[in-house]
Amino acid sequence: MTVNYVGSIDYTKWQPLSNVNQNQNANEANVSYLTQQTQGDYYVSESGETCTDGKDDGKIGFFGAIGNAIKGIGKTIVNGVKGMFTDSEGKFSLGKTLLSIGTVALCIAVPAVGVAACAVGGVMGAVQVGKGIYSAATAETDAEAKEAWQNIGGGAFTAAISVVGAKAGVKSVKASSTAGTNGGSALSEVGKNASLLKKVNAFGKDAISSTKNNISKIKTNILTKAGASETHVSDLKTSKELLKEAKKSGNADEIAAAKELVKETKSSVRADIKENIGSYKEAAKINSLRNKASNIKGATTDAESKLLQELEIRETFASDSTKTVLNNIETAKSQISNTLSNVGTKTLDALRHPIKTAKSIPSGISGTAAKVWQAIKENASYEQLVNKFGQETVDNAILAIGTVYSIN
């Protein structure tokens, strides 16, 4: 069997688009032949990039390189947002959203973790830039060159934001460290002219100290949120410190007394939390009923009437601790909603210009996404879109639109 080539390109590695003639000869039934037109009319790379200058030689010029680098930044942002809030099928996922928010919260609560994450991001960005530079230098087609410059742009952006994040993280580590001789930051005590080894060593001490201090705060917050009184949590912390001092002294009686004190304070904390469990269960039940009631537009069945009646009774007789838990749940839901709203607004702002300047809706956007697209074109805000279509629908539509624009 003979395989046709166009110039020096093996077209079997490309995707056929149209106007191919299938030879009906039994011996050559699977061979596609081109009609007398250019290669660019029939084949595009798997990423969707094509030759647009009439000469598919891997050279796209200065402005082409800059444009694709910017496009790469856009792809990185869109895919980053999509990855934080959607599952592997591209659908909105509350679980993935909570995980992303939790990861961000961890990096904020424990700055040393954030610095480490940024360091990894910086390395990954630098590697991506290096690969992009090599690919750009060895590109044989315009599509390969465009993809290479998009990788350079995306990698550079990742590295840049990692550096910014790392600097902020280092400041937070220094601010929460007590590793220095004066109870402050060890790194702050190192002179500007100190060797790199000394600076790294000092930062290592700060990172350990900062993490311990912040984890201690997190533990305290967790116990308090779980229902333990601040007094009992404080007593537990004090008793543990006394036990440490007793162990240093080596006095058996002091160690035994301190252990007993720790045991008593732990018991008090557990009692608080156990007492509060009932409040959490009741709050969870009320929250579940509220969610179901929000979908009822005027009770039309006995089941709906009973649900609304049960909700009213439970809310009326809820204890103060149950009401506190419910307030905490509403606060958490509001924080998640605000985070999604901020991300959605920023993504929408990035897409608004190409949408408003487009003459028609791109072919890859249809259904509800097309309606959202049209509303954006008519200057609808993110809040207005959510009120009209619902937040999950709007987020999915914006991600779909962003994905289409990132590959066009």
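Tell me which residues, restricted to the range 364-385, are open to solvent by 60 Å² or more (accessible area, probe 1.4 Å) and assigned to a loop (DSSP other than H, G, I, E, B). Working first, answer last.
Quick first cut of the range 364-385, residues open to solvent by 60 Å² or more (accessible area, probe 1.4 Å) only: 366, 368, 371, 374, 378-379, 383-384.
Selection gives Ser366, Glu378, Asn379.
How many residues are of a type in the set (Gly, Ala, Ser) and either open to solvent by 20 Å² or more (accessible area, probe 1.4 Å) or under 30 Å from Asn201 (Cβ atoms) (or both) if we restrict to the range 140-172?
Summing the residues that are of a type in the set (Gly, Ala, Ser) and either open to solvent by 20 Å² or more (accessible area, probe 1.4 Å) or under 30 Å from Asn201 (Cβ atoms) (or both) in the range 140-172 gives 9.
If I ask for residues that are part of a helix (DSSP H, G or I), without any contact (Cβ under 8 Å) to a residue 60 or more places away in the chain and under 23 Å from the mean Cα position of the chain (by Cα), which ones from the range 386-399 would you list?
The answer is Val386, Gln391, Thr393, Val394, Ala397, Ile398.
Filter the range 180-192 for residues that are open to solvent by 40 Å² or more (accessible area, probe 1.4 Å) and either in contact (Cβ under 8 Å) with a residue 40 or more places away in the chain or in contact with an Asp or Glu (Cβ under 7 Å, 6 or more places away or on another chain) (or both) and give the result.
Selection gives Thr181 alone.
Out of all the residues in the range 346-365, is one or more within 20 Å of the chain's Cα centre (by Cα), over 30 Å from Ala143 (Cα atoms) and of a type outside the set (Lys, Arg)?
no
Return the only residue of Ala228, Ala258 being aliphatic (A, V, I, L, M), touching a residue at least 24 places away in the same chain (Cβ under 8 Å) and touching a helix residue (DSSP H, G or I) at 6+ places or on another chain (Cβ under 8 Å).
Ala228
Can you name the residue in the range 266-301 that is touching a helix residue (DSSP H, G or I) at 6+ places or on another chain (Cβ under 7 Å) and not in a helix (DSSP H, G or I) and is also least open to solvent (accessible area, probe 1.4 Å) among such residues?
So, considering only residues that are touching a helix residue (DSSP H, G or I) at 6+ places or on another chain (Cβ under 7 Å) and not in a helix (DSSP H, G or I), the one least open to solvent (accessible area, probe 1.4 Å) is Ile296.
Among the residues of the range 105-115, is there at least one that is at pLDDT 70 or above, open to solvent by 60 Å² or more (accessible area, probe 1.4 Å) and not hydroxyl-bearing (Ser, Thr, Tyr)?
No, because not a single residue in the range 105-115 is at pLDDT 70 or above, open to solvent by 60 Å² or more (accessible area, probe 1.4 Å) and not hydroxyl-bearing (Ser, Thr, Tyr).
Rundown of residues vs (1) assigned to a helix (DSSP H, G or I); (2) of a type in the set (A, V, I, L, M); (3) farther than 30 Å from Lys75 by Cα, yes/no style:
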{"position": "Ala136", "(1), (2), (3)": "yes, yes, no"}
{"position": "Gly169", "(1), (2), (3)": "yes, no, no"}
{"position": "Thr181", "(1), (2), (3)": "no, no, yes"}
{"position": "Ser185", "(1), (2), (3)": "no, no, yes"}
{"position": "Lys199", "(1), (2), (3)": "yes, no, yes"}
{"position": "Ile208", "(1), (2), (3)": "yes, yes, yes"}
{"position": "Asn214", "(1), (2), (3)": "yes, no, yes"}
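Is it the case, given these coordinates, that Leu243 is over 35 Å from the mean Cα position of the chain (by Cα), modelled with pLDDT of 85 or more, open to solvent by less than 40 Å² (accessible area, probe 1.4 Å) and under 30 Å from Leu326 (Cβ atoms)? Walk me through it before giving the result.
Working: over 35 Å from the mean Cα position of the chain (by Cα): yes; modelled with pLDDT of 85 or more: yes; open to solvent by less than 40 Å² (accessible area, probe 1.4 Å): yes; under 30 Å from Leu326 (Cβ atoms): no.
When the stated conditions are applied, Leu243 does not pass them.
Please determine whether any residue of the range 189-196 is in a helix (DSSP H, G or I) and at pLDDT 85 or above.
There is at least one residue in the range 189-196 that is in a helix (DSSP H, G or I) and at pLDDT 85 or above.
Just one of Ala207, Ala293, Ala256 is modelled with pLDDT of 80 or more and in contact with a Pro (Cβ under 9 Å, 6 or more places away or on another chain); which is it?
Answer to the selection: Ala207.
Filter the range 193-211 down to the residues that are out of contact with any helix residue (DSSP H, G or I) (no Cβ under 8 Å at 6 or more places or on another chain), open to solvent by less than 70 Å² (accessible area, probe 1.4 Å) and closer than 17 Å to Ala116 by Cβ and list them by number.
Gly204, Ser209, listed by residue number.
Would the range 318-329 turn up any residue that is part of a helix (DSSP H, G or I), of a type outside the set (D, E, K, R) and open to solvent by 70 Å² or more (accessible area, probe 1.4 Å)?
Yes.
Which residue pairs have Cβ atoms closer than 6 Å, lie 6 or more positions apart in sequence or on different chains, and pair a first residue in the range 294-308 that is farther than 22 Å from Gly390 by Cα with a second residue that is surrounded by fewer than 12 Cβ atoms within 10 Å (Cβ to Cβ) and modelled with pLDDT under 80?
From residues that are farther than 22 Å from Gly390 by Cα, there are no pairs.
The values are calculated or read from the model by the stated rules, or taken from the named source; none is laboratory data. On a predicted model such as this, the values are computed, not experimentally measured, just so you know. As a convention, Cβ positions derive from the backbone with ideal geometry for all residues, glycine included, and neighbour counts pool all protein chains shown. Remember, those area values only see protein heavy atoms, side chains included, never the ligands or the DNA or RNA. Shrake-Rupley method; radii C 1.70, N 1.55, O 1.52, S 1.80 Å.
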